[in-house]
Amino acid sequence: MDLIVGNWKMNLGGRDSLQLIEGILERLKKPIPGEAVICPPATALFMAGDRVKETPLQLGCQNVFYENKGAYTGEISPEFAREAGSRYAIIGHSERRQFFSEGPEINRKIEAVLNLGMTPILCVGESLEQRDGGNAWSVVKDQLKQGLQGISTEKLSGLAIAYEPVWAIGTGKTASPEDAREMASRIIEELHHLQGLRVLYGGSVKPGNISDFMSLAEINGALVGGASLKADSFAKLIYWEK
Ligand code: 13P
């Protein structure tokens, strides 16, 4: 089933998050064609989770730590994120890799999320320099390996991978559908042993271009930043049409 995920990043506080949720819900009168997930900042997670219960919207978190509890000041517990209602967790977003030097711990985060029955959305993607150097696939392949190594095939069933080329995030530039298709099919080939794998595309997705990606057989969803922050555009993304 298609998976449309709104990553609100560090943009909305509790009140603004609730307001955006109301706006989206008002626009979801017809049954939604796939799954729609919102990922508010951690500080709004509980309130948001309460509000979306028994609505067509599902909740996800943008990041978690790999321990559920303990003396880890300032970290986000995966267990508490789930308690708030999160069913999905974005892991290894390029902004986490870039600003918080995430790398090896991504693997433990994926495992922690799976142990709680949540679905990880593992983000992978190359920089422009890496693409121009002809290394896009080797970078993505290494990120997949680092993120998933040692985790059993059964546990990983239902996993989502978001292919987000770093140079397409927040820039208004997107990968060409051909490049997105090529990367998605390599990811699928690499992870062919996983049941129920979904590959999402992310990077400047908006109502005007979502069908370029979603109509590709290899792509089953979108991870959206900027265009998920307006009720109108997020609703349009949820009801995207070929
Ligand atoms: P934009 O849609 O704003 O380019 O952000 C993409 C992204 O990083 C989603 O995780």
Hits in the stretch 195-219 - residues which are touching an Asp or Glu at 6+ places or on another chain (Cβ under 8 Å) and under 18 Å from Val140 (Cα atoms): Val199, Tyr201, Gly202, Gly203
Among residues of the stretch 141-185, those that are touching an Asp or Glu at 6+ places or on another chain (Cβ under 7 Å) and within 17 Å of Asn220 (Cβ to Cβ), counted: 5
Residue match in the stretch 206-213 (condition: within 21 Å of Tyr88 (Cβ to Cβ) and of a type in the set (A, V, I, L, M)): yes
Candidate set from the stretch 92-118 (those that are acidic (Asp, Glu) and within 16 Å of the ligand (Cβ to nearest atom)); member that is nearest to the chain's Cα centre (by Cα): Glu95
Check on Gly196, modelled with pLDDT of 95 or more, within 29 Å of Lys155 (Cα to Cα) and crowded, with 20+ Cβ neighbours inside 10 Å: no
Members of the stretch 97-120 that are in a helix (DSSP H, G or I), in contact with a helix residue (DSSP H, G or I) (Cβ under 7 Å, 6 or more places away or on another chain) and hydrophobic (A, V, I, L, M, F, W, C): Ile106, Ile110, Ala112, Val113
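Please determine, by comparing only the residues of the stretch 211-226 that are free of Cβ contacts under 8 Å to residues at least 60 places away in the same chain and within 12 Å of the ligand (Cβ to nearest atom), which one is surrounded by the fewest Cβ atoms within 10 Å (Cβ to Cβ).
The initial filter retains those residues of the stretch 211-226 that are free of Cβ contacts under 8 Å to residues at least 60 places away in the same chain, namely 211-213, 215-219, 226.
Within this subset, residues satisfying the condition of being within 12 Å of the ligand (Cβ to nearest atom) are 213, 226.
Numbers: Phe213: 25, Gly226: 18.
Residue satisfying both the conditions and the ranking: Gly226.
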The stretch 228-241 - residue that is within 12 Å of the ligand (Cβ to nearest atom) and farther than 25 Å from Ser185 by Cβ and, of those, surrounded by the fewest Cβ atoms within 10 Å (Cβ to Cβ): Lys230
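The values are calculated or read from the model by the stated rules, or taken from the named source; none is laboratory data. Please read all numbers here as calculations on a predicted model, not as lab measurements. Counting neighbours? That spans all protein chains shown, and the Cβs are built from the backbone with ideal geometry, glycine included.
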